[in-house]
Amino acid sequence: MISRGDVFNLVTTWTENKNLIKHMLAVESAMGGLAKYFKEDENLWKIIGLIHDADYDKYPDKHPQVLIDELEKRKESKEIIDAIKAHAWNYNGMDQEPKNNLEWSLYCCDELTGLIVAVALVRPERKLSIVTVENVLKKWPEKSFAKGVERKNIEMCEEKLGIKLSDFIQIVLSSMQSIATDLDL
């Protein structure tokens, strides 16, 4: 399996947008928290979270196919490649629906990290440490707030993962708070 160092090198080589790198760090952390919740391989889940958007900055119209091609060239596991495919379900022609806790976790938390960052940025302190689940849920129904965030994707955590939305937000928020310095929040 590709190492975290190799993944980070790929991410930072392919990605110039610092906010996108921070997004991938946030998803890495969230996936670690979800792996703990499900008692799964934390290292694997975090690597998938970190690498999932590595090709987006350079190849948005081909994302995630360029990354998939690179992972296949490196002979990475089907589990990693399938998770990358599934996270882009219904995007750029990707039709592989998530099918297990790993894939659904990535699919659901990907959007949520962006919403949590947006909530932190509108607070006077601009700090993740101040953000609560209640703050996130208060902004939830405001469709004009973080309007690019697909809330329906996040809400699938209840049906597909068996985790109440508020609990899912708590897992992802706590995970992100643990790396707040890396996220400059």
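Averaged over its residues, the chain has an accessible area of 49 Å² per residue, based on protein heavy atoms and a 1.4 Å probe. For segment 84-150, the extents of the C-alpha atoms along the principal axes are 40, 23, 17 Å, listed from largest to smallest.
Using θ = phi - 60° in the Karplus curve 6.51 cos²θ - 1.76 cosθ + 1.60, the 3J(HN,Hα) couplings for segment 84-98 round to 5, 4, 5, 5, 9, 3, 6, 10, 6, x, 6, 10, 8, 5, x Hz; x is entered for Gly and Pro.
Between segment 1-22 and segment 125-147, what is the separation of their alpha carbon centroids in Å? Taking the Cα centre of each part, segment 1-22 and segment 125-147 sit 27 Å apart.
With a cut-off of 12 Å between beta carbons, the residues surrounding VAL133 carry a summed charge of +1, where Lys and Arg count +1 and Asp and Glu -1. Pairs over the 30 Å Cα-Cα cut-off, from the set LYS62/LYS138; LYS58/LYS152; LYS127/LYS152; LYS36/LYS152: LYS62/LYS138.
Tell me the net charge near PHE168. Cut-off is 14 Å between Cβ atoms, PHE168 excluded, with +1 for each Lys or Arg and -1 for each Asp or Glu. Here the charged neighbours net out to -1.
Between amide H atoms placed 1.01 Å from N, distances below 5 Å from ILE163 occur with GLU158, all of them 5 or more places distant or on a separate chain.
Ignoring ligands, DNA and RNA, what percent of the accessible area of the chain is carbon or sulfur (1.4 Å)? Of all accessible area on the chain, carbon and sulfur atoms account for 47 percent. Net charge dipole, segment 105-169: roughly 280 debye, given to the nearest 20, about the Cα centre with Cβ charges of +1 for Lys and Arg and -1 for Asp and Glu. Can you tell me how segment 1-109 classifies by the Cα gyration tensor, rounded, prolate or oblate, using a/c under 1.5 as the rounded cut? Rounded, since a/c falls under 1.5. Between TRP140, TRP45, TRP104, the residue with the greatest mean-square fluctuation in the GNM of the chain (Cα pairs under 10 Å linked by springs) is TRP140.
One quarter of the surface of the convex hull around the alpha-carbon atoms of segment 33-178 equals 9.0 nm², the direction-averaged projected area. Annotation: extensible slack from THR12 through ARG74 equals 20.6 nm (criterion: 0.36 nm per residue apart, minus Cα-Cα distance).
Counting only protein heavy atoms and using a 1.4 Å probe, the accessible area of TYR56 comes to about 90 Å². Annotation: extensible slack from SER3 through GLU158 equals 52.7 nm (criterion: 0.36 nm per residue apart, minus Cα-Cα distance). Working note: 222 nm ellipticity from helices only, DSSP H runs with n ≥ 4, each -39,500 (n - 2.57), summed and divided by the residues of the chain, gives -18500 deg cm²/dmol to the nearest 500. Label-to-label distance for ASN100 and GLU142 is 3.9 nm, based on points extended 7 Å past Cα in the beta-carbon direction. Sequence-ordered 3J(HN,Hα) estimates for segment 53-65 from the Karplus curve with 6.51, -1.76 and 1.60 and θ = phi - 60° stand at 10, 4, 9, 5, 5, 7, 9, x, 7, 10, 5, x, 4 Hz, glycine and proline given as x. Rounded to the nearest 20, the size of the Cβ-charge dipole of segment 31-166 about its Cα centre is 500 debye, with Lys and Arg at +1 and Asp and Glu at -1.
The values are calculated or read from the model by the stated rules, or taken from the named source; none is laboratory data. Quick caveat, the model's predicted, so the values are computed rather than measured. Cβ sites come from the backbone with ideal geometry, for glycine too, and all protein chains shown count toward neighbours. In case anyone asks, the SASA skips ligands and DNA or RNA and just uses the protein heavy atoms, side chains included. Shrake-Rupley method; radii C 1.70, N 1.55, O 1.52, S 1.80 Å.
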